[in-house]
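Report on the following structure.
The values are calculated or read from the model by the stated rules, or taken from the named source; none is laboratory data. All of these numbers come straight from a predicted model, not from anything done at the bench. As a convention, Cβ positions derive from the backbone with ideal geometry for all residues, glycine included, and neighbour counts pool all protein chains shown. Note: accessible area is taken over every heavy atom of the protein model, side chains too, but ligands, DNA and RNA are not part of it. Shrake-Rupley method; radii C 1.70, N 1.55, O 1.52, S 1.80 Å.
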Amino acid sequence: MRQRIRLLQDDYCRQLLDAAWIRVIADNPSQECRMCHGPMHMQKTVRRYGVTLSHGTFYVCETVRVCAAGCRLEGFPVTCRPEALNVLIPPGSVVGYDVMVDVGMDRFVRHRQREEIRAGLQRRHGISLSTGEISELGKRFLLYLEALHRQKAAALRAAMQADGGWPLHADATGEDGRGTLLVAYSGWRRWVLGAWKIPTERADAILPRLRETTGLFGPPCAVMRDLGRAITEAAEQFVGNLPAPVPILACHQHFLNDIGSDLLREGHDKLRALFRRIDLRRDLRAFVRKLGQGLGDKIRDARVGVLAWQAKPAEELDLPEGKAGIAVVRALAQWTLDYAADGSDEGFPFDLPYLNFYVRCLHGYRAAAGFLRKEPTDAKVKRHLVSLKKMLARMDCDVPPFAQVAQDLDRRQKLFHELRVALRLGPKSNGSVHAPSALVAPPQTPDHYQDIRTALDKLTANLRQRRPERGPAKDTRRALDVMLAHLDRHGPFLWGHVINLSGETGGVRLVDRTNNILEGFFHGMKHGERRRSGRKILTQDFERLPPQAALALNLTRADYVQIICGSIENLPQAFATLDQGHRARSLRARTQQAECINMETASMPLADKRLIRTEEMESRILAAIR
């Protein structure tokens, strides 16, 4: 039955495709000259092919009419074509606006590959396009979308002004220093207001883009930035030229990350170097592998024995005999290696994996010593436990100096944790008994912001009092100096998030304390590109990705879509209106021009590499040398 249904469906699809090639005549005899409003005479009949989602594949005999009075525009006779076809297909093209929108949404919003898009069009609409045509339609879609975004800038600006203004979040991203993408983001609406490729993250490249955004959407009510030198300089110059001062806000998350890196990197690097010197992880992994091979096919029964041992009271130090005892020793070594579980999956400096490894090694050593106080009755279990203790004994001696390095790092980590508590930027909770618990929830009201500011002021005063002027506490003094220097430098930019709304809106509204909304936007964008390309490293993908791809993600915002076109279904008609009145100079005709004027996005772009990595280039250089 299913096979029969599939055959009937395929047969109906073939019949529909055959019917699609019926000839259609397009003419409008009542058209008037747009200059003299006189009658139009038929000049010629042109046969055009077309492909749309609504009509499938067709060809039209289109009548072109010319002004009977001989009117000329820019040196050419005034001609006109039937408008019914103009709203379906761009000038000089075969593929309709709706197909272009469908391809663009699949490529830049749903992040599908060209073959996926091609197969989907064939399956759902019976439209067959080449992969090259799909790439061209994607570029054209972004060009039309950017033009529509600029055309609707006044309406978008009015919507943001009705909110009481808009905070500007500005940041750049890239991959391996290439394909640098700068984005201006509306923090309250979650809209991308502008996206550009810049050579590198420099103030002179960022500042004109911020001014361009202001020209379209008006001045923001605040500027949120990270602590990079380029964006800091650009933000200061940008705000300095605004008619009214607005607060410049430093991202609290970047501020915390910056302090943590300066405070903890040196000690963490020392600890990592010590572990690499003795290569303890390699020895522990080999030990675990050896015990696992010895257990062989009895490992499942041995794990049951470990569970039975864990069910006993913790005060009992007796280890089981046989395979179960060996499995317990193996589990102790595995627990020591599982130090990543103590982290919160936030990365350095919020996680210190080598300090966690040191603590687990120390605990593992002392646990092994505790189990050996009451000697295991099984000689093999005892021998393996002694071997594990000897491996971990290096953590409990002065050479190498693990203890001193770890103590200094732990002391600095506690200072860093105090700052996190004051800023209410707690670690993620991963359910581990070793990980710090989640701290206070992020602020939701102006009072919460004031509480955070008060807490940070108290901590700053406390740190100044605790700083020793002299004596042996040299590392503590250096650590406190690092924190106080950052607080003095960035403190004025940490506050000002409570915005008094202007106009009829009234009241106050809060700006995000971090740039995480834009960081999350970049993360989602890169995740989509990785899904499309299948590559983890996006160096080439980001270098080739048009900057307008960031604007395409606005189409996931219902309020943005409502303003620019009403709904996604109306987007093809909105694109068609962009070409009305200048069909000869349509946006499609400018696709190649847009590619030529894009600013280079790397110190060695791919096009330049292809140019210089040729035998002809090398032979001419060698000839010049000779």
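Among the DSSP helices (H) of the chain, those spanning at least 27 angstrom by Cα along their long axis with an average Kyte-Doolittle hydropathy of -1.0 or more are 131-151, 252-278, 353-373, 402-423; this is a geometric and hydropathy rule only. Net length available on complete extension from Ser30 to Ala311 is 92.0 nm, with 0.36 nm assigned per residue and the Cα-Cα distance removed. One compactness figure for region 46-100 is 1.32, namely its Cα radius of gyration divided by 2.2 N^0.38 Å.
Among Val328, Val109, Val304, the order of accessible area from largest down is Val304, Val109, Val328, computed with a 1.4 Å probe on protein heavy atoms. Rounded to two decimals, the Cα-based Rg/Rh of region 307-356, with Kirkwood Rh, is 1.15. Give the shape of region 200-243 as rounded, prolate or oblate, defined through the alpha-carbon gyration tensor: a ≥ b ≥ c are the square roots of its eigenvalues, a/c under 1.5 means rounded, and otherwise the shape is prolate if a/b is larger than b/c and oblate if not. Prolate, because a/c is 1.5 or more and a/b exceeds b/c. Computed over protein heavy atoms with a 1.4 Å probe, the accessible surface of region 263-307 works out to 64 Å² per residue. Inverting the pair-averaged 1/r between distinct Cα atoms of the chain gives 30.6 Å as its Kirkwood hydrodynamic radius. A DSSP coil position with no more than 14 other Cβ atoms inside 10 Å describes the following trypsin sites (Lys or Arg not before Pro) in region 462-530: Arg470. Taking the charge dipole of the chain about its Cα centre, with +1 at Lys and Arg Cβ atoms and -1 at Asp and Glu Cβ atoms, the residue from Val329, His55, Leu494 reaching farthest to the positive side is Val329. Note on Phe493: accessible area is roughly 50 Å² with a 1.4 Å probe, heavy atoms of protein only.
Of the solvent-accessible surface of the chain, computed with a 1.4 Å probe and all protein chains present, 52% belongs to carbon and sulfur. Rolling a 1.4 Å probe over the heavy atoms of the protein chains gives region 146-232 an accessible area of 31 Å² per residue.
Counting heavy atoms of the protein chains alone, His527 has an accessible area of about 120 Å² for a 1.4 Å probe. DSSP beta bridges confined to the chain are antiparallel in about 75 percent of cases.
Given a cut-off of 27 Å, name the pairs among Lys290/Lys390; Lys290/Lys382; Lys270/Lys380; Lys290/Lys389 whose C-alpha atoms lie farther apart than that in the structure shown. Correct reply: Lys270/Lys380. Between Met617 and Arg229, the C-beta separation translates, for a Förster distance of 45 Å, into a calculated FRET efficiency of about 0.80.
When the residues Lys152, Lys290 are ordered by accessible surface, computed with a 1.4 Å probe over the protein chains alone, the sequence from largest down reads Lys290, Lys152. Taking every C-alpha pair closer than 8 Å and separated by at least 6 residues, the mean separation divided by the residue count of the chain gives a relative contact order of 18 percent. Dividing the radius of gyration of the alpha carbons in region 117-259 by their Kirkwood radius gives 1.08 for Rg/Rh. Per residue, region 324-423 exposes an accessible area of 43 Å² to a 1.4 Å probe, with every protein chain left in place. For Leu372 and Lys414, the FRET efficiency from 1/(1 + (r/R0)^6), where r spans their Cβ atoms and R0 equals 45 Å, is about 0.90. Computed over protein heavy atoms with a 1.4 angstrom probe, the accessible surface ordering of Asp297, Asp338, largest first, is Asp297, Asp338.
Taking the square roots of five times each eigenvalue of the Cα gyration tensor of region 220-369, the equivalent ellipsoid has semi-axes of 52, 17, 13 Å, listed largest first.
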